[in-house]
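First the structure, in the form of structure tokens, and then the observations on it.
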Amino acid sequence: MAFRENHWRVWNMSNDPGFVLWFTGPPAAGKTTLAERIRASLLNNGRRVEILDGDEIRKGLSRDLGFSKEDREKHNERVIFVAKLLARNGVVTLVPLISPYREVRTKARNEIQNFIEVYVRCPLEILIKRDPKGLYRKALAGEITNLTGLQDPYEEPLSPEITINTNEQTVDESVNTIIEYLKARGFVR
Ligand SMILES: Nc1ncnc2c1ncn2[C@@H]1O[C@H](COP(=O)(O)OP(=O)(O)OP(=O)(O)O)[C@@H](O)[C@H]1O
Ligand SMILES: [Mg+2]
């Protein structure tokens, strides 16, 4: 038994590197949806997976922060710190996080060894139609004044590893694109 456990551990360590899939994009683009589907797929493959979802982190680790540029950057920097620790311990770390500023995403790229930026893209008029949390409606009604992509800036990635146009693909197709990329890079089997 001891041998089998050790053997499995060595095999797992040598073959399955941790990595970070960093999903950036405006509200309702599809970041959480894709992260949850990728998690299900990789759990099925026997990987250890964590999701660091912007919304969830704001309820805990970043509950003291608001939506100013400075606070958004701090929030993102905390996520970078946790993601880095997880990924370097072999965990597949999925980060659905608006992360609107290029500079902080560059910081993530520089600090995290296996960093894959996924630009989750969708035209504004479709986002307004989707509006699963009612945020666009509130922003358009003037009830909130800092919605990313509509009122606050969203700085598009310049050279993401993967771009997903979620208005042109089904969720299944998008998941497939990402899994194929991970296989081609040797991150998953
Ligand atoms: N190809 C696709 N990939 C992902 N989501 C899609 C796709 N096509 C349509 N959708 C739909 O778009 C919506 C995306 O909502 P989701 O909560 O995942 O967005 P989000 O980017 O996490 O937003 P937020 O930043 O507000 O958390 C879902 O209702 C999903 O079903
Ligand atoms: Mg989300």
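Key figures
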read-out: Dipole axis of region 116-189 (+1 Lys, Arg; -1 Asp, Glu on Cβ), positive-most option in ASN146, ILE162, ASN176; value: ASN176
read-out: Probe 1.4 Å, accessible area per residue of region 19-184, Å²; value: 50 Å²
read-out: Extension gain, ALA141 back to ALA40 (0.36 nm per residue minus Cα-Cα distance, nm); value: 32.7 nm
read-out: Share of carbon and sulfur in the accessible heavy-atom surface of region 42-189 [1.4 Å probe, %]; value: 47 percent
read-out: Burial order of peptide ranges 115-128, 64-77 (average beta-carbon count within 10 Å, highest first); value: 115-128, 64-77
read-out: The chain: calculated mean residue ellipticity at 222 nm from DSSP helix runs of at least 4, using -39500 (n - 2.57); value: -14500 deg cm²/dmol
read-out: Label point distance in nm, ARG78-ASP55, each placed 7 Å from Cα along Cα→Cβ; value: 1.8 nm
read-out: Fraction in percent of alpha-carbon pairs per bin - 10 Å, the chain; value: 9, 36, 35, 15, 4, 1, 0
read-out: Region 15-120: projected area of the alpha-carbon convex hull, averaged over directions, in nm²; value: 6.2 nm²
read-out: Region 49-157 - percent relative contact order, Cα under 8 Å, separation 6 or more; value: 26 percent
read-out: The chain - charge dipole about Cα centre, Lys and Arg +1 at Cβ, Asp and Glu -1, debye rounded to 20; value: 500 debye
read-out: Mean Cα-pair separation over length for the chain, i.e. relative contact order, pairs under 8 Å, 6 or more apart, %; value: 30 percent
read-out: Alpha-carbon gyration tensor eigenvalues x 5, square-rooted, for region 66-168, Å; value: 26, 16, 12
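The values are calculated or read from the model by the stated rules, or taken from the named source; none is laboratory data. Computed from a predicted model, the values in this text were never measured in an experiment. Neighbour counts run over all protein chains shown; Cβ positions are idealised from the backbone, glycine included. When the accessible area is computed, the model is the full protein with side chains, heavy atoms only, and any ligands, DNA or RNA have been set aside. Shrake-Rupley method; radii C 1.70, N 1.55, O 1.52, S 1.80 Å.
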